[in-house]
Amino acid sequence: MIRREPITEENALLLGRTVTDDRGLRLEWTCSGFRCRFVGSRLAVEWRLEDIPPALCPYLRIAVDGDVRVAPVSAPGWLEAAGELPYGPHTVEIRKITEPIEGTFLHAAAVEIGARGERPAFFGAPPPPARRKIEFVGDSITCGYGNRGAEAETAFHTGMEDGWASYAALTARAFGADIHFVGKSGEGIVRHCSGERGFPIPEFYPLASPSLRAGWDFSLWQPDLVIINAGTNDAAAGVDPAALQREAAGFLRAVRRRNPRACLLWVYGAMNTEAEAPLRAAVGQAAKEDERVFFHRLESVYARPEERGFTGHPNLRGHERLAGDLIPLVSRLTGWQAAGTTGTAEPGGSPEDRKGGWL
(Lines give C-alpha, C1' and ligand atoms only; values in the text may rest on other atoms or scores of the structure.)
Protein backbone atom coordinates (compact mmCIF):
# COMPACT_ATOMS: atom_id res chain seq x y z
CA MET A 1 0.00 0.00 0.00
CA ILE A 2 1.27 3.49 -0.88
CA ARG A 3 0.11 6.87 0.40
CA ARG A 4 1.30 10.21 -0.96
CA GLU A 5 0.58 13.67 0.49
CA PRO A 6 1.97 17.20 0.45
CA ILE A 7 3.90 18.13 3.58
CA THR A 8 1.68 20.25 5.80
CA GLU A 9 1.10 20.90 9.48
CA GLU A 10 -1.56 18.18 9.30
CA ASN A 11 1.05 15.44 8.91
CA ALA A 12 4.35 16.99 10.02
CA LEU A 13 5.96 19.33 12.50
CA LEU A 14 7.57 22.08 10.44
CA LEU A 15 11.06 23.02 11.62
CA GLY A 16 12.54 26.49 11.26
CA ARG A 17 11.14 29.35 9.22
CA THR A 18 9.51 27.93 6.11
CA VAL A 19 7.19 29.00 3.29
CA THR A 20 4.67 26.78 1.50
CA ASP A 21 3.84 27.64 -2.11
CA ASP A 22 2.59 25.82 -5.20
CA ARG A 23 5.86 23.84 -5.42
CA GLY A 24 5.68 22.56 -1.85
CA LEU A 25 7.43 23.26 1.44
CA ARG A 26 10.25 25.69 0.70
CA LEU A 27 13.42 25.19 2.75
CA GLU A 28 16.04 27.93 2.81
CA TRP A 29 17.29 28.71 6.31
CA THR A 30 19.87 26.46 7.93
CA CYS A 31 18.31 23.40 9.60
CA SER A 32 14.81 24.14 8.32
CA GLY A 33 12.83 21.00 7.55
CA PHE A 34 10.16 18.75 9.02
CA ARG A 35 9.58 15.83 11.39
CA CYS A 36 6.80 13.29 10.89
CA ARG A 37 5.49 9.99 12.20
CA PHE A 38 4.11 7.19 10.09
CA VAL A 39 3.15 3.53 10.21
CA GLY A 40 4.62 1.53 7.35
CA SER A 41 7.99 0.34 6.09
CA ARG A 42 9.33 3.09 3.80
CA LEU A 43 9.24 6.87 3.27
CA ALA A 44 10.40 8.94 0.31
CA VAL A 45 10.33 12.69 -0.42
CA GLU A 46 9.95 14.38 -3.78
CA TRP A 47 12.39 17.29 -4.06
CA ARG A 48 12.25 20.19 -6.47
CA LEU A 49 15.17 22.58 -6.91
CA GLU A 50 16.76 24.96 -9.35
CA ASP A 51 19.72 24.17 -11.61
CA ILE A 52 22.48 24.38 -9.00
CA PRO A 53 26.25 24.08 -9.51
CA PRO A 54 27.41 20.76 -7.99
CA ALA A 55 29.64 22.58 -5.50
CA LEU A 56 26.63 24.40 -4.03
CA CYS A 57 24.01 21.64 -3.85
CA PRO A 58 22.03 21.53 -0.58
CA TYR A 59 22.72 18.79 1.95
CA LEU A 60 20.13 17.04 4.07
CA ARG A 61 20.39 15.47 7.48
CA ILE A 62 18.01 12.50 7.50
CA ALA A 63 17.23 10.84 10.83
CA VAL A 64 15.07 7.70 10.86
CA ASP A 65 14.22 6.42 14.34
CA GLY A 66 17.46 8.03 15.50
CA ASP A 67 19.70 6.57 12.77
CA VAL A 68 21.31 9.46 10.86
CA ARG A 69 22.78 9.92 7.42
CA VAL A 70 23.68 12.99 5.37
CA ALA A 71 22.80 13.22 1.67
CA PRO A 72 23.27 15.88 -1.02
CA VAL A 73 20.38 16.82 -3.31
CA SER A 74 21.80 17.63 -6.72
CA ALA A 75 18.78 17.00 -8.97
CA PRO A 76 14.98 17.03 -8.69
CA GLY A 77 13.17 13.78 -8.03
CA TRP A 78 12.37 11.30 -5.32
CA LEU A 79 14.82 10.53 -2.53
CA GLU A 80 14.14 7.52 -0.34
CA ALA A 81 14.64 8.65 3.22
CA ALA A 82 13.66 5.36 4.86
CA GLY A 83 13.44 2.00 3.13
CA GLU A 84 13.12 -1.66 4.08
CA LEU A 85 12.08 -0.84 7.63
CA PRO A 86 10.23 -3.33 9.80
CA TYR A 87 6.53 -2.65 9.44
CA GLY A 88 5.33 -0.45 12.28
CA PRO A 89 5.56 3.09 13.69
CA HIS A 90 8.54 5.24 12.70
CA THR A 91 9.72 8.83 13.11
CA VAL A 92 11.60 10.66 10.36
CA GLU A 93 13.28 14.07 10.64
CA ILE A 94 14.76 15.83 7.61
CA ARG A 95 16.68 19.12 7.84
CA LYS A 96 18.59 21.13 5.25
CA ILE A 97 21.92 21.61 6.99
CA THR A 98 23.35 24.09 4.48
CA GLU A 99 22.63 27.80 4.51
CA PRO A 100 20.49 29.97 2.19
CA ILE A 101 23.03 30.53 -0.57
CA GLU A 102 21.27 32.35 -3.42
CA GLY A 103 19.36 29.89 -5.61
CA THR A 104 20.03 26.81 -3.49
CA PHE A 105 16.65 26.54 -1.77
CA LEU A 106 14.72 23.28 -1.88
CA HIS A 107 11.06 22.44 -2.22
CA ALA A 108 9.77 19.31 -0.53
CA ALA A 109 6.87 18.72 -2.92
CA ALA A 110 5.39 15.58 -1.40
CA VAL A 111 6.07 12.74 0.98
CA GLU A 112 5.24 9.14 0.14
CA ILE A 113 4.91 6.31 2.64
CA GLY A 114 4.42 2.66 1.88
CA ALA A 115 4.07 -0.81 3.29
CA ARG A 116 4.64 -4.20 1.73
CA GLY A 117 1.67 -6.25 0.64
CA GLU A 118 -1.79 -5.24 1.76
CA ARG A 119 -0.69 -3.73 5.02
CA PRO A 120 -1.91 -0.14 5.52
CA ALA A 121 0.45 2.83 5.51
CA PHE A 122 -0.68 5.99 7.26
CA PHE A 123 0.65 9.12 8.95
CA GLY A 124 0.50 9.55 12.68
CA ALA A 125 -0.16 12.80 14.49
CA PRO A 126 2.71 15.27 14.03
CA PRO A 127 5.25 15.19 16.86
CA PRO A 128 4.73 18.00 19.38
CA PRO A 129 7.14 20.95 19.42
CA ALA A 130 9.63 21.27 22.24
CA ARG A 131 8.70 23.48 25.18
CA ARG A 132 11.96 25.41 24.89
CA LYS A 133 12.82 27.58 21.89
CA ILE A 134 16.06 29.32 20.90
CA GLU A 135 16.55 31.55 17.88
CA PHE A 136 20.09 32.10 16.56
CA VAL A 137 20.76 35.13 14.38
CA GLY A 138 24.04 35.66 12.61
CA ASP A 139 26.45 35.04 9.78
CA SER A 140 28.75 32.27 8.53
CA ILE A 141 29.85 31.28 12.04
CA THR A 142 26.29 30.48 13.08
CA CYS A 143 25.59 28.68 9.77
CA GLY A 144 28.55 26.35 10.32
CA TYR A 145 30.36 27.61 7.22
CA GLY A 146 33.52 25.60 6.60
CA ASN A 147 33.26 23.59 9.82
CA ARG A 148 33.84 20.31 7.95
CA GLY A 149 36.58 21.79 5.74
CA ALA A 150 40.31 22.18 6.21
CA GLU A 151 41.84 25.62 6.61
CA ALA A 152 44.16 25.01 3.68
CA GLU A 153 41.42 24.16 1.17
CA THR A 154 41.11 26.71 -1.63
CA ALA A 155 37.50 26.42 -2.84
CA PHE A 156 34.26 26.21 -0.87
CA HIS A 157 31.70 23.49 -1.46
CA THR A 158 28.58 22.82 0.59
CA GLY A 159 29.88 19.44 1.74
CA MET A 160 32.12 21.33 4.18
CA GLU A 161 29.17 23.10 5.89
CA ASP A 162 27.04 21.44 8.55
CA GLY A 163 24.64 23.64 10.49
CA TRP A 164 23.59 20.73 12.70
CA ALA A 165 27.19 20.52 13.96
CA SER A 166 27.39 24.29 14.64
CA TYR A 167 27.73 25.78 18.12
CA ALA A 168 24.13 26.97 17.73
CA ALA A 169 22.64 23.53 17.15
CA LEU A 170 24.87 21.96 19.81
CA THR A 171 23.72 24.55 22.34
CA ALA A 172 20.04 24.07 21.54
CA ARG A 173 20.30 20.29 21.67
CA ALA A 174 21.89 20.46 25.12
CA PHE A 175 18.56 21.79 26.38
CA GLY A 176 16.24 19.82 24.10
CA ALA A 177 15.18 23.13 22.54
CA ASP A 178 13.63 23.77 19.16
CA ILE A 179 15.92 25.99 17.11
CA HIS A 180 15.46 28.59 14.39
CA PHE A 181 18.44 29.75 12.37
CA VAL A 182 18.33 33.18 10.73
CA GLY A 183 21.76 33.66 9.20
CA LYS A 184 23.75 34.15 5.99
CA SER A 185 27.48 34.07 5.35
CA GLY A 186 29.33 37.32 4.82
CA GLU A 187 26.62 39.61 6.16
CA GLY A 188 26.91 42.15 8.95
CA ILE A 189 24.76 44.59 10.84
CA VAL A 190 25.87 47.41 8.51
CA ARG A 191 28.08 45.95 5.77
CA HIS A 192 29.01 42.72 4.02
CA CYS A 193 32.56 41.52 4.71
CA SER A 194 33.49 42.73 1.20
CA GLY A 195 32.67 46.30 2.23
CA GLU A 196 29.54 46.41 0.08
CA ARG A 197 26.12 47.02 1.59
CA GLY A 198 25.10 43.42 0.85
CA PHE A 199 21.96 42.10 2.56
CA PRO A 200 22.40 43.28 6.17
CA ILE A 201 21.16 41.14 9.03
CA PRO A 202 18.52 43.71 10.15
CA GLU A 203 17.01 43.47 6.65
CA PHE A 204 16.77 39.69 6.38
CA TYR A 205 15.89 39.09 10.03
CA PRO A 206 12.12 39.70 9.53
CA LEU A 207 11.90 37.27 6.59
CA ALA A 208 10.54 33.76 6.24
CA SER A 209 12.23 33.47 2.85
CA PRO A 210 15.35 35.50 2.05
CA SER A 211 15.05 34.87 -1.69
CA LEU A 212 11.34 35.65 -1.95
CA ARG A 213 11.61 38.50 0.56
CA ALA A 214 8.50 37.01 2.18
CA GLY A 215 7.82 38.22 5.70
CA TRP A 216 7.83 35.95 8.74
CA ASP A 217 4.85 35.86 11.10
CA PHE A 218 6.53 36.14 14.49
CA SER A 219 3.35 35.07 16.30
CA LEU A 220 3.89 31.53 14.96
CA TRP A 221 7.01 30.90 17.02
CA GLN A 222 8.09 32.97 20.01
CA PRO A 223 11.55 32.06 21.34
CA ASP A 224 12.55 32.03 24.99
CA LEU A 225 16.04 33.18 24.02
CA VAL A 226 17.47 35.01 21.00
CA ILE A 227 21.23 34.69 20.54
CA ILE A 228 22.76 37.18 18.11
CA ASN A 229 26.28 36.50 16.86
CA ALA A 230 27.08 39.42 14.56
CA GLY A 231 29.67 42.10 13.97
CA THR A 232 32.43 39.87 12.60
CA ASN A 233 31.80 40.95 9.00
CA ASP A 234 31.38 44.59 9.96
CA ALA A 235 34.81 44.48 11.56
CA ALA A 236 36.26 42.84 8.45
CA ALA A 237 34.68 45.57 6.30
CA GLY A 238 36.09 48.37 8.46
CA VAL A 239 32.70 49.76 9.44
CA ASP A 240 32.87 52.95 11.48
CA PRO A 241 32.46 51.96 15.16
CA ALA A 242 29.91 54.72 15.83
CA ALA A 243 27.76 53.52 12.92
CA LEU A 244 28.01 49.92 14.10
CA GLN A 245 27.00 50.89 17.63
CA ARG A 246 24.04 52.89 16.38
CA GLU A 247 22.78 50.17 14.02
CA ALA A 248 23.34 47.37 16.53
CA ALA A 249 21.34 49.23 19.18
CA GLY A 250 18.55 49.79 16.67
CA PHE A 251 18.59 46.11 15.73
CA LEU A 252 18.22 45.08 19.35
CA ARG A 253 15.15 47.29 19.64
CA ALA A 254 13.71 45.69 16.49
CA VAL A 255 14.36 42.18 17.83
CA ARG A 256 12.71 43.09 21.12
CA ARG A 257 9.59 44.44 19.39
CA ARG A 258 9.12 41.12 17.64
CA ASN A 259 10.03 38.95 20.64
CA PRO A 260 8.60 40.67 23.71
CA ARG A 261 9.16 37.75 26.12
CA ALA A 262 12.61 36.58 25.05
CA CYS A 263 15.95 37.08 26.73
CA LEU A 264 18.37 38.65 24.21
CA LEU A 265 22.04 37.65 24.25
CA TRP A 266 24.62 39.20 21.92
CA VAL A 267 27.78 37.13 21.57
CA TYR A 268 30.89 38.10 19.64
CA GLY A 269 34.57 37.25 19.24
CA ALA A 270 34.68 33.74 17.75
CA MET A 271 36.85 35.09 14.91
CA ASN A 272 37.89 38.76 14.96
CA THR A 273 37.56 41.01 18.01
CA GLU A 274 37.80 44.58 16.68
CA ALA A 275 34.05 45.25 16.99
CA GLU A 276 33.80 44.38 20.67
CA ALA A 277 33.73 47.95 22.02
CA PRO A 278 30.88 49.29 19.82
CA LEU A 279 28.85 46.10 20.26
CA ARG A 280 29.31 46.12 24.02
CA ALA A 281 28.27 49.80 24.02
CA ALA A 282 25.18 49.04 21.91
CA VAL A 283 24.10 46.33 24.34
CA GLY A 284 24.73 48.71 27.24
CA GLN A 285 22.60 51.34 25.54
CA ALA A 286 19.76 48.87 25.01
CA ALA A 287 20.03 47.54 28.56
CA LYS A 288 19.23 50.97 30.01
CA GLU A 289 15.65 50.34 28.85
CA ASP A 290 15.61 46.54 28.81
CA GLU A 291 16.94 44.44 31.67
CA ARG A 292 16.89 41.22 29.62
CA VAL A 293 19.65 42.17 27.18
CA PHE A 294 23.15 40.77 27.69
CA PHE A 295 26.58 40.70 26.05
CA HIS A 296 29.10 37.86 26.13
CA ARG A 297 32.61 37.82 24.71
CA LEU A 298 33.63 34.60 22.94
CA GLU A 299 37.24 33.48 22.64
CA SER A 300 38.55 33.60 19.06
CA VAL A 301 39.68 30.52 17.19
CA TYR A 302 42.54 32.56 15.73
CA ALA A 303 44.75 31.67 18.69
CA ARG A 304 43.80 27.99 18.38
CA PRO A 305 45.01 26.47 15.08
CA GLU A 306 43.44 23.12 15.95
CA GLU A 307 40.00 24.81 15.95
CA ARG A 308 40.24 26.47 12.53
CA GLY A 309 38.43 25.13 9.48
CA PHE A 310 37.96 26.52 5.99
CA THR A 311 39.19 30.16 5.65
CA GLY A 312 39.83 30.29 9.39
CA HIS A 313 36.23 29.65 10.44
CA PRO A 314 35.61 27.43 13.46
CA ASN A 315 35.85 23.74 12.63
CA LEU A 316 33.93 21.01 14.43
CA ARG A 317 36.26 21.21 17.40
CA GLY A 318 35.90 25.00 17.50
CA HIS A 319 32.12 24.79 17.44
CA GLU A 320 32.17 22.27 20.28
CA ARG A 321 34.29 24.63 22.37
CA LEU A 322 31.99 27.61 21.61
CA ALA A 323 28.94 25.56 22.57
CA GLY A 324 30.68 24.48 25.76
CA ASP A 325 31.11 28.16 26.58
CA LEU A 326 27.48 29.02 25.89
CA ILE A 327 25.65 26.06 27.42
CA PRO A 328 26.27 26.97 31.10
CA LEU A 329 25.61 30.61 30.30
CA VAL A 330 22.25 29.78 28.70
CA SER A 331 21.44 27.72 31.76
CA ARG A 332 22.05 30.75 33.98
CA LEU A 333 20.05 33.09 31.78
CA THR A 334 17.01 30.84 31.42
CA GLY A 335 17.01 28.67 34.51
CA TRP A 336 17.03 25.57 32.32
CA GLN A 337 18.93 22.63 33.73
CA ALA A 338 22.26 21.78 32.12
CA ALA A 339 25.51 20.37 33.41
CA GLY A 340 28.09 22.83 34.72
CA THR A 341 26.14 26.07 35.06
CA THR A 342 28.87 28.68 35.03
CA GLY A 343 29.13 31.74 32.83
CA THR A 344 29.97 35.42 32.76
CA ALA A 345 27.38 37.26 30.70
CA GLU A 346 27.29 40.94 31.42
CA PRO A 347 23.89 42.64 31.24
CA GLY A 348 24.44 45.87 29.43
CA GLY A 349 28.13 45.08 29.34
CA SER A 350 28.55 45.74 33.07
CA PRO A 351 28.60 43.10 35.82
CA GLU A 352 27.48 45.74 38.31
CA ASP A 353 24.18 46.30 36.49
CA ARG A 354 22.73 42.79 36.64
CA LYS A 355 18.95 42.95 36.74
CA GLY A 356 15.89 40.78 36.54
CA GLY A 357 17.36 37.82 38.41
CA TRP A 358 18.77 36.29 35.23
CA LEU A 359 22.30 35.81 36.51
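The values are calculated or read from the model by the stated rules, or taken from the named source; none is laboratory data. As the structure is a computational prediction, the values presented were derived from the model and not from experiment. Because the Cβ atoms are built from the backbone with ideal geometry, glycine has one as well, and the counts that use them run over all protein chains shown. The protein model used for the area step is the full one, side chains on, heavy atoms only, and it has no ligands, DNA or RNA in it. Shrake-Rupley method; radii C 1.70, N 1.55, O 1.52, S 1.80 Å.
For region 295-327, how many residues are open to solvent by less than 30 Å² (accessible area, probe 1.4 Å), part of a helix (DSSP H, G or I) and either free of Cβ contacts under 8 Å to residues at least 24 places away in the same chain or in contact with an Asp or Glu (Cβ under 7 Å, 6 or more places away or on another chain) (or both)?
Within region 295-327, residues that are open to solvent by less than 30 Å² (accessible area, probe 1.4 Å), part of a helix (DSSP H, G or I) and either free of Cβ contacts under 8 Å to residues at least 24 places away in the same chain or in contact with an Asp or Glu (Cβ under 7 Å, 6 or more places away or on another chain) (or both) number 5.
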*Given (1) closer than 18 Å to residue 35 by Cβ; (2) open to solvent by less than 60 Å² (accessible area, probe 1.4 Å), where does residue 68 come up short, assuming only one miss?*
(2)
*Residue count for region 101-114, restricted to those that are at pLDDT 95 or above, open to solvent by 10 Å² or more (accessible area, probe 1.4 Å) and out of contact with any Gly (no Cβ under 8 Å at 6 or more places or on another chain)*: 1
*Tell me, which residue of region 142-180 that is of a type outside the set (A, V, I, L, M, F, W, C) and part of a strand (DSSP E or B) is surrounded by the most Cβ atoms within 10 Å (Cβ to Cβ)?*
180
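Looking at region 51-60, which of its residues are part of a strand (DSSP E or B), among the aliphatic types (A, V, I, L, M) and in contact (Cβ under 8 Å) with a residue 60 or more places away in the chain?
Across region 51-60, there are no qualifying residues.
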*asked:* When you scan region 118-132, do you find a residue that is open to solvent by less than 20 Å² (accessible area, probe 1.4 Å), over 27 Å from residue 200 (Cβ atoms) and in contact (Cβ under 8 Å) with a residue 12 or more places away in the chain, even just one?
replied: yes
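Taking the conditions exactly as written (in contact (Cβ under 8 Å) with a residue 60 or more places away in the chain, more than 22 Å from the chain's Cα centre (by Cα) and not in a loop (DSSP other than H, G, I, E, B)), does residue 110 satisfy them or not?
yes
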*Go through (1) at negative phi; (2) in contact (Cβ under 8 Å) with a residue 12 or more places away in the chain one by one and return the number of the condition residue 152 breaks.*
(2)
*So which residues in region 181-219 are open to solvent by less than 10 Å² (accessible area, probe 1.4 Å) and farther than 18 Å from residue 233 by Cβ?*
208, 209
*Residues that are of a type in the set (Ser, Thr, Tyr) and under 25 Å from residue 2 (Cβ atoms), drawn from region 34-82*: 41
*On the given criteria, is residue 119 among the charged types (D, E, K, R), more than 30 Å from residue 4 (Cα to Cα) and outside any strand (DSSP E or B)?*
no
*Is it the case that residue 238 is within 24 Å of residue 62 (Cα to Cα), among the small types (Gly, Ala, Ser), in contact with a Gly (Cβ under 8 Å, 6 or more places away or on another chain) and modelled with pLDDT of 95 or more?*
no
_Residue, nearest to residue 282 (Cα to Cα), within region 133-184, restricted to residues that are touching a Pro at 6+ places or on another chain (Cβ under 9 Å) and among the polar types (S, T, N, Q)_ = 166
*Lone unmet requirement of (1) modelled with pLDDT under 95; (2) not in a loop (DSSP other than H, G, I, E, B) for residue 84*: (2)
_Looking only at region 1-28, count every residue that is of a type in the set (Lys, Arg), buried (at least 16 other Cβ atoms within 10 Å of the Cβ) and assigned to a loop (DSSP other than H, G, I, E, B) and tell me the total._
1
*asked:* Let me spell it out: the conditions are (1) in a loop (DSSP other than H, G, I, E, B); (2) charged (D, E, K, R); (3) closer than 30 Å to residue 201 by Cα, and residue 135 meets all of them except one. Which number is the exception?
replied: (1)
*Return yes when residue 352 is at pLDDT below 95 and farther than 20 Å from residue 225 by Cα and no when it is not.*
yes
*Within region 141-165, restricting attention to residues that are hydroxyl-bearing (Ser, Thr, Tyr) and in contact with a strand residue (DSSP E or B) (Cβ under 8 Å, 6 or more places away or on another chain), which residue is nearest to residue 336 (Cα to Cα)?*
142
*Is there a residue being surrounded by fewer than 20 Cβ atoms within 10 Å (Cβ to Cβ), among the aliphatic types (A, V, I, L, M) and part of a loop (DSSP other than H, G, I, E, B) anywhere in region 29-50?*
no
